[in-house]
Amino acid sequence: MAQQIGQPVKRVEDKRFLTGKGNYTDDIVLPGQTYAHFVRSDYAHARINSIDTSMAEEAPGVIAIFTGQDLLDDGIQSIPTGWAIGDDMNEPPHYPLAVDKARYVGDAVAVVIAESKADAADAAEQIMVDYEMLDAVVDAREALNDDAPLVHDDSGTNLVFDWNLGEKDATDAAIEGAHHVTRYEFVNQRVIPNAIEPRSANGQWDAARDELTLYTSSQNPHLIRLLLCAFVWPDLPEHKVRIISPDVGGGFGSKIFHYPEEVVCAWATKQLERPVKWTAERSESFVSDAHGRDHHSVAEMGFDEDGHIVGLRVQTHANLGAYLMTFAPAVPTYLYGTLLAGQYKTPTIHVNVKGVFSNTVPVDAYRGAGRPEATYLVERTIELASKEMGVDPAELRRKNFIQPDEFPYQTPVALQYDSGNYEGALDKALEMIGYDDFRQQQKEAKQNGKLLGIGFSCYIEACGIAPSQVVGALGARAGLYESGAVRVHPTGKVEVFTGSHSHGQGHETTFAQVVSDHLGVPLEHVEIVHGDTDRVPFGMGTYGSRSISVGGSAIVKALDKVKDKARKIAAHKLEAAEEDLEFSDGEFRVKGTDRSVGFGDIALTAYVPHDYPEDVEPGLEDTAFYDPANFTYPFGTHICTVEIDEETGHVKLLRYVAIDDVGNIINPMIVEGQIHGGVAQGVGQALLEGAVYDEMGQPLTGSYMDYTMPRADDLPMIEVGHQVTPCPHNPLGVKGAGEAGTIAATACVVNAVIDALWDRGVRDIRMPLTPERVWRALHTGGDGALREAEPAA
């Protein structure tokens, strides 16, 4: 049978998606179905004096109306965050429905449950909330002023944590003694996730069995069950709760977290003993889905007289919004600060991050989660340094790369990189883009009045965050292993149960390729099962590009156990010693002979154990858990070229080349699709996307009329290439590919634009680089161009 790993197998799950046969949470209509509509605050900060539901209760179709106090009175607790930064982190309660104050526009204060969505929405309009409007704060730096309004009164401060990593004194000395220092202020703007499927939840209570089933569009159903039963609703027994995440139409991180709507639907169905479903409208998603990014940073990178980096000093204010979401504290700390070495030998680094509450939608992981912010800062800074010092940007990077013979490499910010060949990826990208030829074209274009630019982004990311013991010591409140179970049926067909969750990644294909190769069974004989806590061993879901490296490795461990048992059965049937058997192409063979037995025959024997070893149990299935020894470290070089219309400021992407090293590749077609999608999201942030609030906390980008998403005609054909440096510490040698494009793309595009405008005096433009901002920077040096920052504290 032909090898499956490494082949561009078409995605088996696409048949149901392309033919409209997908089964999403909103598609599920249960007997006696009711519908929830949330009443959300129109104010960014307001005290709730009273909620009058009397008129709404009389409206047609209304079954019940609940407020935050109703849930509190029944024992519903705060939704916890899943990560603590230090023992004294400011962690005020986050109730499913606001009780005392609304803290951002979109904060839910009540819920109407009715016979139809229309009835619920109409009744919600009749609920009268008496608000006392309060001053709001939306900027993280301003939120730390002495006179700033407090988002949480009892906290006494808007500061969530003040986190440091690295050697401050050594870094200060390196920066002060540097031959050259590049110092700039960067804003990594807030962005809004926009998965094609809005979030949805549907709770069903079985009164006869006292059991809850919650269907939800989640990336990690077991974590939702754990948080719900262990913290939010402690009287709810975990073994009486089933969480099902069926087909999920994209997530990009925004569906990792435990949201208030899930809690409310789960609790309300028990009160009514009828199913309760909620599905967000798109405009509702803009103010209820966790946002991403929102960093304000000052970076200082020092160099010696030969152009070697001597130190990096960073000060970041991270806006966390009004509440702490599930992984929010980890994103601007351990997923950001630990990546500030990039691909470079930086002797000393110090980063200070202040996490801050504001009257805005909560912020958490969004595709890349801390890694894009780190890459943007490092790659923008080294690009600016190359311009300031008059050094070719490729050569300055090359001079500072960690070399292949220096791995494993301990960075000054905690991580130990296990492998890499950064120069190889850069050289491949330079060759593919035709770097020298483009520089010549750029000179000629300049003479003809055209503005061309080229930008680099040499990124590294950390995927499959682990091991559990280490991340636990750093504040994680859950393990970060993964589970896999393999069940071989009597006919040789195989079911695989994975704690990873697929919401666009193609797990049903990729994991099946791994199983097919390991057991020698046809791909179509393998079914991948995920997203159901009653069927799948406890797992941690999908995020952080962890699925193949952690989830895939758990499956391989389970496959090895199954093969070990199969080997015992085969040895018995072939009357040979186990060590004399070899396994290939789905058969056990006695070495040096033509005697063999097929895997299908072994499976049948395991369930019809007539001719069977005495010390082996019947059946052929096993389970494994995999806790990685380290992160995996994908890396690469992306290069793009742009042309800028001087009259309009419009940026046209001419070419985009991506060379990525994601370790061994299971399915190159799926990997390329992930790179394409990631680049599109990164380009979106660089040129188009940005969440904007006014000073009163009102969102000004609350729909697609105001928030621009990338379209096909905004992108060139993305040219993808690969380099393979296998991960040395997992059985597949894989690293992760889902976020690489997003991590690299923002810096790549912005660097290209600044390259085009450098001779016109433009040093930086805040993302998104809209035509207006580019035009303003080009013609006036006005709001589009940032001024040089003050030194970091």
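The values are calculated or read from the model by the stated rules, or taken from the named source; none is laboratory data. Please read all numbers here as calculations on a predicted model, not as lab measurements. Using ideal geometry, Cβ is built from the backbone for each residue, glycine included, and neighbour counts are taken over all protein chains shown. Remember, those area values only see protein heavy atoms, side chains included, never the ligands or the DNA or RNA. Shrake-Rupley method; radii C 1.70, N 1.55, O 1.52, S 1.80 Å.
Summed over region 704-718, the residues that are open to solvent by 50 Å² or more (accessible area, probe 1.4 Å) and not in a helix (DSSP H, G or I) give a count of 7.
The set of residues in region 601-616 that are in contact (Cβ under 8 Å) with a residue 24 or more places away in the chain and open to solvent by less than 70 Å² (accessible area, probe 1.4 Å) comprises 602, 603, 605, 606, 608, 612, 613, 616.
Quick check on this structure: which one of 102, 121 is among the aliphatic types (A, V, I, L, M), closer than 24 Å to residue 46 by Cα and surrounded by fewer than 20 Cβ atoms within 10 Å (Cβ to Cβ)? Give the derivation first.
On the way: 102 fails: surrounded by fewer than 20 Cβ atoms within 10 Å (Cβ to Cβ).
Only one candidate passes the filter, namely 121.
So for region 737-746 (the condition being over 30 Å from residue 512 (Cα atoms), modelled with pLDDT of 95 or more and buried (at least 19 other Cβ atoms within 10 Å of the Cβ)), does at least one residue qualify? Full working, then the answer.
Here is the first cut: in region 737-746, the residues over 30 Å from residue 512 (Cα atoms) are 745-746.
Filter once more, so that each one left must be modelled with pLDDT of 95 or more: 745-746.
Add one more test, that the residue is buried (at least 19 other Cβ atoms within 10 Å of the Cβ), and what stays is 745-746.
Yes, there is a match, as at least one residue in region 737-746 is over 30 Å from residue 512 (Cα atoms), modelled with pLDDT of 95 or more and buried (at least 19 other Cβ atoms within 10 Å of the Cβ).
The single condition among (1) over 30 Å from residue 449 (Cα atoms); (2) open to solvent by 30 Å² or more (accessible area, probe 1.4 Å); (3) among the acidic types (Asp, Glu) that residue 661 does not satisfy is (2). The sole residue among 619, 636, 598 that is crowded, with 19+ Cβ neighbours inside 10 Å and either assigned by TED's automatic domain parsing to the domain that holds residue 404 or farther than 30 Å from residue 423 by Cβ (or both) is 636.
Quick one: would you say residue 624 is modelled with pLDDT under 95, aliphatic (A, V, I, L, M) and not in a helix (DSSP H, G or I)? Walk me through how you get there before you give the answer.
Values: modelled with pLDDT under 95: no; aliphatic (A, V, I, L, M): yes; not in a helix (DSSP H, G or I): yes.
Answer is no for this residue.
Restrict the check to region 349-365 and report whether at least one residue is acidic (Asp, Glu) and either free of Cβ contacts under 8 Å to residues at least 12 places away in the same chain or surrounded by fewer than 24 Cβ atoms within 10 Å (Cβ to Cβ) (or both). It would help to see each step written out before you state the result.
Step one: list which residues in region 349-365 are acidic (Asp, Glu), which gives 364.
Now drop any that are not either free of Cβ contacts under 8 Å to residues at least 12 places away in the same chain or surrounded by fewer than 24 Cβ atoms within 10 Å (Cβ to Cβ) (or both), which leaves none.
No: zero hits.
Among the residues of region 578-595, those that are in contact (Cβ under 8 Å) with a residue 12 or more places away in the chain, within 23 Å of residue 4 (Cα to Cα) and surrounded by fewer than 17 Cβ atoms within 10 Å (Cβ to Cβ) comprise 584, 585.
From the list 312, 320, the lone residue that is crowded, with 21+ Cβ neighbours inside 10 Å and either in contact with a Pro (Cβ under 8 Å, 6 or more places away or on another chain) or on the phi > 0 side of the Ramachandran plot (or both) is 320.
Per-residue answers, yes or no, for (1) of a type in the set (Asp, Glu); (2) at pLDDT 95 or above; (3) farther than 30 Å from residue 327 by Cα; (4) touching a Cys at 6+ places or on another chain (Cβ under 9 Å):
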site: 508; (1), (2), (3), (4): yes, yes, no, no
site: 527; (1), (2), (3), (4): yes, yes, yes, no
site: 531; (1), (2), (3), (4): no, yes, no, no
site: 553; (1), (2), (3), (4): no, yes, no, no
site: 568; (1), (2), (3), (4): no, yes, yes, no
site: 577; (1), (2), (3), (4): no, yes, yes, no
site: 580; (1), (2), (3), (4): yes, yes, yes, no
site: 589; (1), (2), (3), (4): no, yes, yes, no
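Of the residues making up region 652-683, those that are out of contact with any His (no Cβ under 7 Å at 6 or more places or on another chain) and either small (Gly, Ala, Ser) or modelled with pLDDT under 95 (or both) are 663, 673, 677, 678, 680, 682. Among the numbered conditions (1) open to solvent by less than 50 Å² (accessible area, probe 1.4 Å); (2) assigned to a helix (DSSP H, G or I); (3) at pLDDT 95 or above, the only one that residue 471 does not meet is (3).
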